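Participant: What follows is a single structure, and I will ask about it in a moment.
The values are calculated or read from the model by the stated rules, or taken from the named source; none is laboratory data. Everything numeric in this text was worked out from a predicted model, so none of it was measured. A quick note on method: Cβ atoms are made from the backbone with ideal geometry, for glycine too, and the neighbour counts reach across all protein chains shown.
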Amino acid sequence: MSLVSERKYRRSPKTLPPLPTKKPDYYEPLQSETGFDGASFSGAVFNLSTTVVGAGIMALPAAVKQLGLIPGLIMILFGAMLTESSIDILLRFTRVSKSSSYSGVVHDAFGDFGRILLQLCIFVNNTGMLIVYMVIIGDVLSGTWSEGVHYSGVIEEWFGQRWWSTRSVLLLLTTLLIFLPLISFKRVDSLRYTSALSVGFAVVFVAITADVVIVKLINGSIGTPRLMPKFTGQESFWKLFTTIPILVTAYICHHNVHPIENELKDPTHMKLIVGTSLSLCSTVYMATSLFGYLLFGDKTQDDVLANFDGDLGVPFGLFLNDMVRVSYCVHLMLVFPIVFYSLRLNLDGLLFPHALPIAFDSRRFYLVTAFLMSFIFIGANFVPSIWDAFQFTGATAAVGAGFIFPAAIALRDTHGVATKKDKLLSWLMIFLAVSSSTVAISSDLYSFFNGEEAAVGT
């Protein structure tokens, strides 16, 4: 090593090396073969935004209902700021560890055990999300049963009951015609157009809800919203904490940060891409929460999509209901491949940690893809009661990948670059992650055993 380079490495441990200006070496052959010279800024923003805005958006109006309008909107902003801080820590430690993946950063700090644990967290979290996405798509298209009552899907409403309008057939057609073509891309940047369209459909939902709210405000049929939480006893106080898992995990996108960064023309733009994406997502989240809560008030369901099952009390109300459900369904279809991309990468890294990157091995690529898609399809068709199960996995795997691992990396600080602010934020993230997981799991256990007692009593 030269004298100049030795001096660079003898600088203060708080001095960070410059951002990398080139992509990992193993991407160069793929680029030369396909003519791909790097992802654009806008494509990266849409891909990261699509990773963030998934099914969780529909639970935010209910969270605002519990917290009150003002604290709810503030907490949504706080979640975005905390997520940006955790990703910033992750990116800085990526540079100093000279890694090109999330699992590589964790391996640098905690070895093989940490890498395997992270990849398991991402596998559980992403698999759970994708099964939930398919279940929701099936509910919207073919309908569902709840407590002995059948709720019709849009296909059933439009065309009546047909053999091809059943849940399993519609999900099979969705898999063959939409999912399989989209999950067959070997570069995440190939999904930039579908990701932009996905964000657009989320905006359509917000726009329709906002228009309905404006019409009802004009005709005076919307009551005054509750600005602060309502306390009616100890139970209502503790119920406020059940919103923490929703707010903490609403912005989870860490598993796709490195795949997106690795394909950029200029990796130095990644921090700005993260900030732009989170600003876009927090705007959509706040608008959804505000207009959803204003529209339905204290009748807001845990999944606000369930509120769009009747006449909205405005002209063309039934048509707008269908528009909301279809736009959200298409949104989830287009979110699916971007989440699947990081799922496949992490499962491959878990099973074949020392093999050539999966993009260069077509046989392994398609085998892993077929296995995962089959598993998710079977789960969506034969495990309909998945919400309680995935509340457990989401409260552990999601917060682990999104907050606990970045915070633990900063606290471990193997390269001596973490600041006091980093460590304070890391302790805060760990506290929020552990407390949210504890609240969510305790709430699920309480509901489960209370339900069993009620069943025994009857």
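Participant: Pick from the stretch 100-109 the residues that are modelled with pLDDT of 85 or more and more than 19 Å from the chain's Cα centre (by Cα): which of them is surrounded by the fewest Cβ atoms within 10 Å (Cβ to Cβ)?
Facilitator: Taking the candidates together, the pick is Gly104.
Participant: While we're looking at this one, here's another question. So, of the residues in the stretch 347-373 that are small (Gly, Ala, Ser) and not in a loop (DSSP other than H, G, I, E, B), which turns out to be nearest to Pro181 (Cα to Cα)?
Facilitator: Across the stretch 347-373, the extreme among qualifying residues is Ala370.
Participant: Give, as residue ranges, the helices (runs of 4 or more DSSP H) completely inside the stretch 1-98 that count at least 2 residues that are modelled with pLDDT of 50 or more.
Facilitator: In the stretch 1-98, 41-52, 60-67, 69-97 are the helices (runs of 4 or more DSSP H) which contain 2 or more residues that are modelled with pLDDT of 50 or more.
Participant: Can I ask one more? Give all pairs with beta carbons closer than 6 Å in which a residue from the stretch 162-179 that is over 18 Å from His331 (Cβ atoms) meets a residue that is acidic (Asp, Glu) and buried (at least 18 other Cβ atoms within 10 Å of the Cβ); count only pairs at least 6 apart in sequence or on separate chains.
Facilitator: Cβ pairs passing all conditions: Ser165/Glu156.
Participant: Right, another one. May I ask you to say which residue of Ser362, Ser374, Ser437, Ser426 is touching a Pro at 6+ places or on another chain (Cβ under 8 Å) and at pLDDT 85 or above?
Facilitator: Ser426
Participant: Out of all the residues in the stretch 323-357, which are without any contact (Cβ under 8 Å) to a residue 24 or more places away in the chain and crowded, with 20+ Cβ neighbours inside 10 Å?
Facilitator: Passing the criteria: only Asp348.
Participant: If you take the residues of the stretch 263-301 that are in a loop (DSSP other than H, G, I, E, B) and more than 26 Å from Phe185 (Cβ to Cβ), which of them is modelled with the lowest pLDDT?
Facilitator: Gln301
Participant: Of all residues in the stretch 184-234, how many are part of a helix (DSSP H, G or I) and not aliphatic (A, V, I, L, M)?
Facilitator: 14
Participant: Looking at Tyr293, is it surrounded by 15 or more Cβ atoms within 10 Å (Cβ to Cβ) and in contact with a Phe, Trp or Tyr (Cβ under 8 Å, 6 or more places away or on another chain)? Even if it seems obvious, please write down each step before you answer.
Facilitator: Working: surrounded by 15 or more Cβ atoms within 10 Å (Cβ to Cβ): yes; in contact with a Phe, Trp or Tyr (Cβ under 8 Å, 6 or more places away or on another chain): no.
For Tyr293, the condition - surrounded by 15 or more Cβ atoms within 10 Å (Cβ to Cβ) and in contact with a Phe, Trp or Tyr (Cβ under 8 Å, 6 or more places away or on another chain) - is not met.
Participant: Anything in the stretch 338-352 that is under 18 Å from Val199 (Cβ atoms) and aliphatic (A, V, I, L, M)? List them, or say none.
Facilitator: Ile338, Val339 - these are the residues of the stretch 338-352 that are under 18 Å from Val199 (Cβ atoms) and aliphatic (A, V, I, L, M).
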